[in-house]
1. From 94, 79, 66, which residue is surrounded by 13 or more Cβ atoms within 10 Å (Cβ to Cβ), in contact (Cβ under 8 Å) with a residue 24 or more places away in the chain and in contact with a His (Cβ under 9 Å, 6 or more places away or on another chain)?
2. Looking at segment 60-95, which of the residues that are closer than 21 Å to residue 19 by Cα and of a type in the set (A, V, I, L, M) is farthest from the chain's Cα centre (by Cα)?
3. All but one of (1) without any contact (Cβ under 8 Å) to a residue 12 or more places away in the chain; (2) at positive phi hold for residue 88; state the number of the condition that does not hold.
Amino acid sequence: MKVPHAEDERVRLGEVGVDSGQLLVIDPCYLEDWDHQRSYPQACLVTEAGIGGQLDYAPGRPGLGVAFRSGFGDGVYPVWATVRDFGPWGRRVVRVEIDLLGDEEDL
């Protein structure tokens, strides 16, 4: 685990809703080509086979996205960013965290 820099700031970005028991990290420009019949089943296969994994552009070309199981299933989960100032390049997101545990009291 990376040690945070003293100047890092943790910022709440919002919440993500889950209705399929899984989440996907993907560049939004690829959503235009996202097809429920073609790609949603790929994400399901990856999460059903384990905790999650890689989605490929085509066989042997990784990088389309990463699908994973969402904690204890459906719900609404907070999304946090670690932000760092890189001087002339400005503030940049260096890490994103999704709290998939939720309220431990509910377990």
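1. Only one candidate qualifies: 94.
2. The first filter runs over segment 60-95 and keeps only residues closer than 21 Å to residue 19 by Cα, leaving 65-80.
Still in the running and of a type in the set (A, V, I, L, M): 66-67, 76, 79.
On the way: 66: 7, 67: 8, 76: 13, 79: 9 Å.
For segment 60-95, the residue satisfying everything is 76.
3. Of the numbered conditions (1) without any contact (Cβ under 8 Å) to a residue 12 or more places away in the chain; (2) at positive phi, the odd one out for residue 88 is (2).
Condition check ((1) touching a Gly at 6+ places or on another chain (Cβ under 6 Å); (2) in a strand (DSSP E or B); (3) modelled with pLDDT of 85 or more; (4) not assigned by TED's automatic domain parsing to the domain that holds residue 101) across all residues:
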site	(1), (2), (3), (4)
14	no, yes, yes, no
32	no, no, no, yes
41	no, no, yes, yes
46	yes, no, yes, yes
64	no, yes, yes, yes
80	no, yes, yes, no
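The values are calculated or read from the model by the stated rules, or taken from the named source; none is laboratory data. Just so you know, these numbers come straight off a predicted model, no measurement behind them. FYI the Cβ positions are ideal-geometry reconstructions off the backbone, even for glycines, and counts take in every protein chain you see.
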